[in-house]
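Below you'll find the structure, written out as structure tokens, and then a few comments.
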Amino acid sequence: MTLLSLTPEEWQAVRLSLKVASVAMIASLPVALAVAWLLARRDFWGKSLVNGIVHLPLVMPPVVTGYLLLLSFGTKGPVGAFLAQFGIVFAFRWTGAALACAVMGFPLMVRAIRLSIEAVDMRLEAASATLGASAVWVFLTITLPLTLPGIIAGMILCFAKAMGEFGATITFVSNIPGETQTLPTAIYTLTQVPGGDAGALKLTAISIAISLGALMVSEFLARRAGARIAA
Amino acid sequence: MSLTVDVRHRLGSLDLAAAFDSEGGITAVFGASGCGKTTLVNVIAGLIRPDHARITVGGTVLTDTTQGIELAPHRRRIGYVFQEARLFPHLTVEGNLAYGEWFTPRAERYAAKPQILDLLGIAPLLKRRPRDLSGGEKQRVAIGRALLASPRLLLMDEPLASLDQARKAEILPYIERLRDEVRIPIVYVSHSVAEVMRLASDVAVLAAGRLAAFGPAAEIAQRLDLIPDEERDEGGAIIDMAVAAHDEAFGLTRLSSSAGDIFVPGRIGPAGTPARVRIRARDVMLALEEPVKISALNILRGTVAEMSPAGPSSVNVRLDCGGAAVVARITRHSATALCLAPGTPAYAVVKAVSVSGPDAEAR
């Protein structure tokens, strides 16, 4: 039972991680959908540039991403200073952790959704248009339902990435217990103090359980969605 | 409702230029693959933006590039039946059927669901998913889905091409009923002489993007030169006839027209039922005197109207039989031996079993 008896601080890290990852996942979704659709279905000037920027967090060192976030969204950064006028603050807040996780998970989500949109038979979309559906209705009634397995996969990938995000988070919002200390940063902290091994092991086990659970849920949902739309 | 089409469009190596009018019924767009048939219907549907075009249905302008009018596909209210049914895999048959209906403004809905389900025989399929349907069933549901959107015009692009012979035979009668019971014009794309000549009221022949001929089906049918090589043996005259009587003992139906009587196997319907027959040119024998003691049941009297070469050793001979045309493909040798020339009286001999009639109820 010692494995399940967490200290309040450890519980806090678990709860915060779940909150940060969920918010990052849900907040990314509409933007990721729009960007994925644009990249999959539209040709426009600067498309490869947009594609590159979207994928940048995937290839840059997370610390660099975190530092860039700090420069722009920090209290003295241009975006951060502007948003602070409306009371929106990211620096050293859990919202900042969510932002960092969202940015890091974004390319994974866009990629999964984009591939899935590209796999939707455009002839079905044309058929839908001849039946009277405008572009928005075609997207809502044909493209979106047929993309559902990809959307689920993208959401889970983003969630898992957010659960494990370390470098960008710690650089941008530091490691404040109760505010920005997520599972990975909590584990890191515990490994740095004498006698913290037991706590680190417990959080590691929880981390594995959450990741495995998320994966299984996504498999189940994607399979159900896939079975519905199999031609 | 009338349909006018005038399209000029360049797409890759295809240079499409075609114009025709239709006063309803089925207008077949006929030609070899790659001649621009599908491009033409996609322009009509608004799925391809043409270089120059004017398309009107029942007085409504759908496209007029000179006036800058190009209605979006979803505003055209054109039913489109694709070669591959294109049913939505995430919806049931019922959902697919309701889809087009749902987008049609209430005031413009004329399609009566029970009748359409009955016409196409798809009522038992409603709860099924597209993946559980046979090819023929899919295509019938696709036709129903297009009709339930209450279209002004129905486009059918090779709706039978992906089906085997048995499935084709299953769907053709439904399309015939459609033609006879639905009042909207139908544009039917096909490369099959058999389908076109069985269904069409008018035929537009496309060759390499150009309109090679346009006219009533019976007129186009006589022009064997318009038929692509791969369908060459299918060419022949069509005659619109009516059921005169049914011979119960021998299981034959006698059809009559100005050309004379023709026997076909099976029962087609009560006396007076219209029936179109197609007589392939290669199935017709010519005789100068009325043959006697011969097994062929159909002997039509006429005069040679036209002779045209058909390859190195054959000629096509068009016989005028009381106003209707019958075309015979015979060897040049026979034509010379019989001294055939325009004006020569002759008899066309056709076996009853080689006449393609409407599907008999029991053959």
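The values are calculated or read from the model by the stated rules, or taken from the named source; none is laboratory data. Remember, it's a predicted structure, so these values are computed and weren't measured experimentally. Because the Cβ atoms are built from the backbone with ideal geometry, glycine has one as well, and the counts that use them run over all protein chains shown.
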Checklist outcome for this item: (1) within 13 Å of chain A (Cβ to nearest Cβ); (2) closer than 29 Å to B:Val203 by Cα all hold for B:Ile116 apart from (1)
Next on the checklist: Suppose we filter B:Ala107, B:Ala149, B:Ala123 for residues that are among the small types (Gly, Ala, Ser) and under 24 Å from A:Pro145 (Cα atoms); which single one remains?
Outcome noted: B:Ala149
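Against the definition (more than 19 Å from B:Asn298 (Cα to Cα), in contact with a helix residue (DSSP H, G or I) (Cβ under 6 Å, 6 or more places away or on another chain) and among the small types (Gly, Ala, Ser)), how does B:Ala200 come out, yes or no?
Values: more than 19 Å from B:Asn298 (Cα to Cα): yes; in contact with a helix residue (DSSP H, G or I) (Cβ under 6 Å, 6 or more places away or on another chain): yes; among the small types (Gly, Ala, Ser): yes.
Against the criterion (more than 19 Å from B:Asn298 (Cα to Cα), in contact with a helix residue (DSSP H, G or I) (Cβ under 6 Å, 6 or more places away or on another chain) and among the small types (Gly, Ala, Ser)), B:Ala200 qualifies.
So, in the range A:208-231, how many residues would count as being surrounded by 15 or more Cβ atoms within 10 Å (Cβ to Cβ) and either of a type in the set (D, E, K, R) or free of Cβ contacts under 8 Å to residues at least 60 places away in the same chain (or both)? Walk me through how you get there before you give the answer.
Of all residues in the range A:208-231, those surrounded by 15 or more Cβ atoms within 10 Å (Cβ to Cβ) come to A:210-211, A:214, A:218, A:221-222, A:225, A:228-229.
Filter again for either of a type in the set (D, E, K, R) or free of Cβ contacts under 8 Å to residues at least 60 places away in the same chain (or both), leaving A:211, A:214, A:228.
So the answer is 3.
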Checklist entry - Mind checking whether some residue in the range B:142-160 is more than 13 Å from chain A (Cβ to nearest Cβ), under 25 Å from B:His74 (Cα atoms) and not in a loop (DSSP other than H, G, I, E, B)? => result no
Item to check | Within the range A:55-166, helices (runs of 4 or more DSSP H) holding 3 or more residues that are among the small types (Gly, Ala, Ser), surrounded by 15 or more Cβ atoms within 10 Å (Cβ to Cβ) and within 14 Å of another protein chain (Cβ to nearest Cβ) | outcome: A:122-130
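Strands (runs of 3 or more DSSP E) wholly in the range B:25-133 with at least 1 residues that are under 27 Å from the mean Cα position of the chain (by Cα), assigned by TED's automatic domain parsing to the domain that holds B:Val205 and of a type in the set (D, E, K, R) - which ones?
Details: elements: B:26-30, B:52-57, B:60-64, B:78-81.
Per the criteria, B:52-57.
With the requirement that a residue be part of a loop (DSSP other than H, G, I, E, B), aliphatic (A, V, I, L, M) and more than 10 Å from the chain's Cα centre (by Cα), what does the range B:162-216 give you? Write out each step before concluding.
Of the residues in the range B:162-216, the ones part of a loop (DSSP other than H, G, I, E, B) are B:162-164, B:182-185, B:191-192, B:200-201, B:208-209.
Filter once more, so that each one left must be aliphatic (A, V, I, L, M): B:163, B:182, B:184, B:200, B:208.
Within the range B:162-216, B:Leu163, B:Val182, B:Ile184, B:Ala208 qualify.
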Checklist entry - What are the residues in the range B:194-219 that are over 23 Å from B:Arg177 (Cα atoms) and either in contact with a Phe, Trp or Tyr (Cβ under 7 Å, 6 or more places away or on another chain) or in contact (Cβ under 8 Å) with a residue 24 or more places away in the chain (or both), if any? => result B:Val205, B:Leu206, B:Ala207, B:Ala208, B:Gly209, B:Arg210, B:Leu211, B:Ala212, B:Phe214
Next on the checklist: Please determine whether any residue of the range B:321-331 is crowded, with 20+ Cβ neighbours inside 10 Å, part of a helix (DSSP H, G or I) and not basic (Lys, Arg).
Outcome noted: no
Checklist outcome for this item: Going through the range B:213-229 in order, the residues found to be in contact with a Leu (Cβ under 9 Å, 6 or more places away or on another chain) and surrounded by fewer than 18 Cβ atoms within 10 Å (Cβ to Cβ) are B:Ala213
Checklist entry - For B:Arg86, are the conditions met, namely being under 20 Å from A:Trp137 (Cβ atoms), surrounded by 20 or more Cβ atoms within 10 Å (Cβ to Cβ), within 13 Å of chain A (Cβ to nearest Cβ) and not acidic (Asp, Glu)? => result yes
